[in-house]
Amino acid sequence: MAALAIDLEGGDFGPSRLLPASIQFFQNHPEHSGTLFGSASLQSSMSSLPANLRFEPCAGALPPTLNPGRLLRHEYGSSIERAVSELKQQRVDAVVSSEHTGILMALLHRHGRVHPALDRPVLVSWVPTSKDAMLMLDLGASFSATAEQLLGFAAVGVAIASGQLARKPRLALLNLGVEANKGPQSIRLAAEHLARWTEIDYRGFVEAGEVFQGDLDLVITDGFTGNAVIKAAEGTLDLTLGAIRHALNRDVVGKLLGYMLRNRLRPIMRQLDPRRSNGALLAGTDMALIKSHGDATGVAFQAALTRAVEASEGRWCTAIQAQLDTLLDTSAAPN
């Protein structure tokens, strides 16, 4: 049973998409409970909430041009601030928001405790592959990474993946080639240390084109590169799936072919649908905060809510803290 706090005001569409998605999720999952935080003007539309969902009106809002750093010292009474405050006071188990990463990072620094093995939270995302979904990090919380940071990212990923798998996680470092002498020194130095980790099945370097083959459980990279790879992959996948849908709906022949193939295509389309992988964990603190895409559809936002439940029930924050403690205790990070 998980208790979630949901920020209705973040993202590109705000309550118009997030409210119906939240209502449907909690109707379908009566074992969980949720608290919605949003503008007081939404109060009139909250009469039909399911019994396990309640609404908390917020008097304030974040300025449109706010510098996230101001959240370290100032309060605005916004929905995301109220949601994170509930999490800090342990009234909920996790927060889900479509607010942009800078805002969420600032609030975590203000209210949470970033583990000393990291200098900032890490963005962990689940990526569809030709087989099972794979974890990839960092995906935008950093622009570059030292060897120490890459090892910290790896520790975060191992903590999550180890709780989901019955074997050692298969881990690789994203690089511009698979040869041992390829890439910057930070990646090569991190590789030397990861090769000695006994709790993983270390697979060496991997190129971007091989990431989605389904042979890995974890891919580690810096935030800039990871974000570029995942956004390019999502765009390509959207283009491909859209072209298939268009071809099957263009004329009578296409519709007939689609009808004949639908039972075969449906599981494949579902598996590769990036909406169902929505929901990234800002990891490395003592607070479970799930970031949804700003343009998330209802299906995608429900996926983020599901991710928050998994984070709560899997006690990911506790597992990550313990794995990072081990990283420091064993002096695995290079000097």
(message) Quick check for you: which residues of the range 22-45 have the amide N under 12 Å from the point 7 Å beyond the Cα of GLU313 toward its beta carbon?
(response) 29-33
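Considering only DSSP states other than H, G, I, E and B, which GluC sites (Glu not before Pro) in the range 55-130 qualify as loop sites with at most 15 other Cβ atoms within 10 Å?
Sparse-neighbourhood loop GluC sites (Glu not before Pro): GLU75.
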(message) Ordering CYS317, CYS58 by accessible area with a probe of 1.4 Å, largest first, what comes out?
(response) CYS317, CYS58
(message) Assuming 0.36 nm per residue, please report the length gained on full extension of the stretch ARG54 to THR297 beyond their Cα-Cα distance.
(response) 85.3 nm
(request) Could you bin all the Cα-Cα distances of the range 200-303 into 10 Å bins starting at 0 and give me the percent of pairs in each, rounded to whole numbers? (result) 11, 34, 34, 16, 5, 1
(request) Report the local net charge at ALA117: Lys and Arg +1, Asp and Glu -1, summed over other residues whose C-beta lies under 11 Å from its C-beta. (result) -4
(request) Would you mind getting me the FRET efficiency between PHE143 and VAL252? Use the beta-carbon distance for r and R0 = 51 Å, nearest 0.05. (result) 0.50
(request) Could you list, in their original order, any pairs among LYS131/LYS182; LYS88/LYS291; LYS231/LYS291 whose Cα atoms are separated by more than 24 Å? (result) LYS131/LYS182
(request) Quote the relative contact order of the chain in percent (integer), defining contacts as alpha-carbon pairs under 8 Å separated by 6+ residues. (result) 23
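Hey, what D do you get for the chain in µm²/s if you plug the Kirkwood alpha-carbon radius into Stokes-Einstein at 10 °C and 1.306 mPa s?
76
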(request) List, in order, the whole-Hz ³J(HN,Hα) value for each residue of the range 209-220 obtained from phi through the Karplus relation with A = 6.51, B = -1.76, C = 1.60 and θ = phi - 60°; use x for Gly and Pro. (result) x, 9, 4, 9, 7, x, 9, 10, 9, 9, 10, 10
(request) Kindly state, to the nearest 0.05, the FRET efficiency for PHE13 paired with GLU75, given R0 = 22 Å and r defined as their beta-carbon distance. (result) 0.30
(request) Using only the alpha carbons of the range 99-230, determine the length spanned along each of the three principal axes and report them from longest to shortest in whole angstroms. (result) 40, 31, 28
(request) State, to one decimal in nm, how far the label point of GLU234 lies from the label point of LEU165, with both points 7 Å from Cα in the Cβ direction. (result) 2.4
(request) Choose one of LEU324, PRO50, VAL206: the residue whose Cα lies farthest towards the positive end of the charge dipole of the chain (beta-carbon charges +1 Lys, Arg; -1 Asp, Glu; about the Cα centre). (result) PRO50
(request) Between ASP201, ASP217, ASP251, find the one with the highest GNM mean-square fluctuation for the chain; connect C-alpha pairs within less than 10 Å. (result) ASP251
(message) Testing the spin-label approximation: label points 7 Å from Cα along Cα→Cβ at VAL178 and HIS100. State their distance in nm.
(response) 3.9
(request) Rank-order 185-191, 146-152, 285-291 by packing density, defined as the average count of other C-beta atoms within 10 Å over each peptide's residues, highest first. (result) 285-291, 146-152, 185-191
(request) Please work out how much length the chain gains when fully extended from ALA322 to ARG245, using 0.36 nm per residue of separation minus the C-alpha to C-alpha distance, in nm with one decimal. (result) 23.2 nm
(request) Determine the calculated [θ] at 222 nm for the chain from helices alone, applying -39500 (n - 2.57) to every DSSP H run no shorter than 4 residues and normalising by the residue count; nearest 500 deg cm²/dmol. (result) -14000 deg cm²/dmol
(request) Report the residue, chosen from LEU19, LEU87, LEU241, that carries the largest GNM mean-square fluctuation when the chain is represented by alpha-carbon nodes joined by springs under 10 Å. (result) LEU241
(request) Would you please name the trypsin sites (Lys or Arg not before Pro) within the range 1-102 that are DSSP coil residues with at most 11 other C-beta atoms within 10 Å of their C-beta? (result) ARG73, ARG91
(message) Order TYR202, TYR259 by their accessible area, 1.4 angstrom probe, all chains in place, largest first.
(response) TYR259, TYR202
(request) Quick one: grab Rg to one decimal and Dmax as a whole number for the range 47-161, Cα atoms only, in Å. (result) 16.7, 52
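The values are calculated or read from the model by the stated rules, or taken from the named source; none is laboratory data. Bear in mind that the values here come from a model prediction, so they are computed numbers and not experimental data. Glycine gets a Cβ as well: all are built from the backbone with ideal geometry, and neighbour counts include every protein chain shown. Just the protein is used for accessible areas: all its heavy atoms, side chains included, with ligands, DNA and RNA removed. Shrake-Rupley method; radii C 1.70, N 1.55, O 1.52, S 1.80 Å.
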